[in-house]
Amino acid sequence: MDLNTMSIVKRAVLPGKLVALAKGETGVSEVDGTNCGPRVNEYKAATWLPAEQPWPWCAAFICWLVREAMKGGDHTFARPRTAGAWDFENWCRGVDRSAILKKPHKGDIAAGDIVIFTFSHIGLATGGPDANGNVPTIEGNTDGAGSREGGAVLKKLRPLSKIRSRIRFTV
C-alpha cells in the first residue's frame, strides 16, 4: 500500500468508528423524561458539566461518541467536551486540521460527519443527502417528531435546510 492510499484509509477510520458506535446506541433512552438515566449520564460525563444533573444531552452524546471512537488512536487534537450544540463550531475552530468545519455546508455531508442544526441541536450523519435532500442521522435526546428534547437516541432523516454546519474528521 503506497503512502497516499494509507492516508486515505487512515482518514476513514474515525468517521467509521463514530457511525458504528452510534448505531450501537440507537434506542437508548433517558428515564421518565428526566434528561438523566444510567446510559444518558455516561454520555453527559463526556462533557465538562455534572453528569448527574438534568440538562439537554444531544451534544453530550456526540462528545461521548468522539471520546469512544478516539480510544486506542494516536490523535493530535483534544476531543470536544462541550454541552452546547453550536459550541462545537468553536471547538472545531480551535483544533488542528484533524477536524474541519464547513459553514455553510452546501450539501457536502458524508457518513461520520457531525451535523449541527439550525435549531440548536446536533447529530451524526450516517450517510450523505438522498435525492430529496434529506440526510440520515443518529441523534441523542430526540424523539419520533424530531424534537431536540426528546429523550432517546434515534435514527432521523433531516432536511439539508435544517443543517447549519458540518464537522468532518480527516483522521
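The values are calculated or read from the model by the stated rules, or taken from the named source; none is laboratory data. Keep in mind that what you see is a predicted model, and the values were worked out from it rather than measured. We place every Cβ from the backbone using ideal geometry, glycine too, and count neighbours over all the protein chains shown. Note: accessible area is taken over every heavy atom of the protein model, side chains too, but ligands, DNA and RNA are not part of it. Shrake-Rupley method; radii C 1.70, N 1.55, O 1.52, S 1.80 Å.
Numbers at a glance
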read-out	value
Some residue of region 88-98 being modelled with pLDDT of 95 or more and within 20 Å of Arg148 (Cα to Cα)	yes
Residue count for region 82-108, restricted to those that are touching a strand residue (DSSP E or B) at 6+ places or on another chain (Cβ under 9 Å), among the aliphatic types (A, V, I, L, M) and farther than 10 Å from Arg168 by Cβ	1
Residue that is open to solvent by 30 Å² or more (accessible area, probe 1.4 Å) and closer than 22 Å to Ser165 by Cα, where the choices are Ile116, Ile100, Ile62, Ile109	Ile100
Residue count, region 26-48 (criterion: surrounded by fewer than 18 Cβ atoms within 10 Å (Cβ to Cβ) and in contact (Cβ under 8 Å) with a residue 24 or more places away in the chain)	5
Top-ranked residue of region 126-148 - restricted to ones that are among the hydrophobic types (A, V, I, L, M, F, W, C) and open to solvent by 10 Å² or more (accessible area, probe 1.4 Å), ranked as farthest from Ala60 (Cα to Cα)	Ala131
Strands (runs of 3 or more DSSP E) contained in region 95-171 and holding at least 1 residues over 25 Å from Glu42 (Cβ atoms) and in contact (Cβ under 8 Å) with a residue 60 or more places away in the chain	99-102, 163-169
Residue list for region 85-97, restricted to those being open to solvent by less than 40 Å² (accessible area, probe 1.4 Å) and either more than 12 Å from the chain's Cα centre (by Cα) or of a type outside the set (Gly, Ala, Ser) (or both)	Phe88, Glu89, Trp91, Cys92, Val95
Residue match in region 149-167 (condition: modelled with pLDDT of 95 or more, in contact with a Leu (Cβ under 9 Å, 6 or more places away or on another chain), under 21 Å from Gly84 (Cα atoms) and open to solvent by 10 Å² or more (accessible area, probe 1.4 Å))	yes
Sole exception among (1) open to solvent by 40 Å² or more (accessible area, probe 1.4 Å); (2) at pLDDT 95 or above for Gly123, by number	(1)
